[in-house]
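These notes are about the structure you will find just below.
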Amino acid sequence: PFLPHRLEDGYGLTPDTVDRCIDLHRPALIVTVDCGTNSADAVERALSRGVGIVITDHHQASGPPAPARAVVNPRLGPPGRPWSELAGVGVAFKLAHAVLKLARDAGAPGADALDLRDQFDLVALGTVADCVPLTGENRVLVRHGLDVLRRAPSIGIRALMQVAALKEEPDAWHIGFLLAPRLNAAGRLGTAEDSLNLLLAPDAARAASLARDLDRSNRERQEIERTIVDTAMARIDAVFDPAGDFALVVADRAWHPGVIGIVASRLVARYNRPAVVIALNDEGGGRGSCRGIPSVDLAAALRDCADLLHRCGGHAMAAGLDIDADRVDAFRTRLNEIVKARVNGRVPDPELSVDAWLRLEEADEELIGHIEKARPCGQGNPAPVWAARDVEVEDWKVMKEKHVRLRLRQGAEIRTAVGFNLAARGRPAGCIDIAFELRRDTWNGRNGLQLQLRDFRPTGGPET
């Protein structure tokens, strides 16, 4: 396979990447994965060199699709079908499945021996990592993939689970927060070859070595990201006007383009505004990653700024762009006005919806049994959030400086809980109301129930 280099090639399919692919591999046919719908110039470059292209993608089309031999993209058809929200990996899997069926019908040698169900773990990884809704066919694919991850993961994924210290049954949360960040780390900082080689590793020793390398890359990525987040937030805090700033656009020549998407997500979480983070280069241009909020279609907003951009594309909640450095200020002003109009002059406050109030004793095996029937949970199919009133904090232990482990009491009922990124809130002085997800605690062979805190407040607020 041909892997584009994130820093040298950027995002998507371009004429330059097509040239490099053809020069390196001399293919008769190029099949893209997760890119190409809007890359007419790149497809025309391939055709001019006598190479056909089949596009598999799931990004929104900004105009007529590229003139490829075939464009396999569920977003080109009517919305609302079970496969409309397939991730890039899901579209590629569907194409592979269709080709395999044709090969079997034609009696191709070896076709009957291939079983794509063995690849469901990879499909689950890519689907969760792409943050698509876990509904329709995505939910089916991820559910089957989690079964493979629990029962017989590939050599490479098993090694990744080991370096991530994943000692419990994996679910979609573990993919999104433990496995996918490590698998993505190498590509964010440069080339994704280590990630690909891990997935193709022929033996456990090679897989373990590559997994350790990816783990180191992930720690490096975290440090780079932390520095950029601190700089960006300090810059925003100095001028932020909650009443007048409806979108955030920050740019810097020192920022690493491989991590700016994660930084943009952090800014959205902090300020509840669409955020665009741009890494400027020495040639007078910049590459930006954009993250949105539910009330604004980010891809549509960027299309309304197309005259200020070299190119843009993506989804309602995540997108990318290329821009000249001297147009960043004009783009910031334009995007702010567009978002202001979309939200009618007021950005909705973020809310944590609670499915039901209950007593801690009701968070039991029967309840989690019902929850598990609806899993996997994630984007588009969130885990139920429960709430309990008048809970006493008996113990509060900080973990890794930012997380907490708690012992909670409500009447005679005592429960353990964890709260990620809640340490900075400090131990509450009195009783609290809590919002939480109910999860199984299977770490290190345990089999109990644990509350995962989403938020807390002093007791006494309304039951909403």
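The values are calculated or read from the model by the stated rules, or taken from the named source; none is laboratory data. In this text, all values refer to a predicted model and were calculated from it rather than measured experimentally. FYI the Cβ positions are ideal-geometry reconstructions off the backbone, even for glycines, and counts take in every protein chain you see.
Listing for the model above:
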| read-out | value |
| --- | --- |
| Criterion: crowded, with 21+ Cβ neighbours inside 10 Å and assigned to a helix (DSSP H, G or I) - qualifying residue of L178, L196, L125 | L125 |
| R6 being closer than 27 Å to A279 by Cβ, touching an Asp or Glu at 6+ places or on another chain (Cβ under 9 Å) and of a type in the set (K, R) | no |
| P170 being closer than 23 Å to L134 by Cβ, crowded, with 21+ Cβ neighbours inside 10 Å and touching a residue at least 12 places away in the same chain (Cβ under 8 Å) | yes |
| Of all residues in region 69-107 being without any contact (Cβ under 8 Å) to a residue 12 or more places away in the chain and of a type in the set (D, E, K, R), the one that is nearest to L141 (Cα to Cα) | K101 |
| Strands (runs of 3 or more DSSP E) enclosed by region 377-464 - at least 3 residues per element that are over 26 Å from G176 (Cα atoms) and not aliphatic (A, V, I, L, M) | 386-399, 403-410 |
| N38, sole failed condition from (1) touching a residue at least 24 places away in the same chain (Cβ under 8 Å); (2) over 24 Å from L76 (Cα atoms); (3) surrounded by 14 or more Cβ atoms within 10 Å (Cβ to Cβ) | (2) |
| Residue under evaluation K373, criteria (1) touching a residue at least 24 places away in the same chain (Cβ under 8 Å); (2) farther than 22 Å from A269 by Cα, criterion not met | (1) |
| Residue in region 103-112 that is surrounded by 15 or more Cβ atoms within 10 Å (Cβ to Cβ), over 24 Å from the mean Cα position of the chain (by Cα) and at pLDDT 90 or above present | yes |
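Conditions (1) surrounded by fewer than 13 Cβ atoms within 10 Å (Cβ to Cβ); (2) without any contact (Cβ under 8 Å) to a residue 24 or more places away in the chain; (3) among the charged types (D, E, K, R), marked per residue:
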residue	(1), (2), (3)
D322	no, no, yes
A330	no, yes, no
R334	no, no, yes
V339	no, no, no
N344	yes, yes, no
E366	yes, yes, yes
C377	no, no, no
H403	no, yes, no
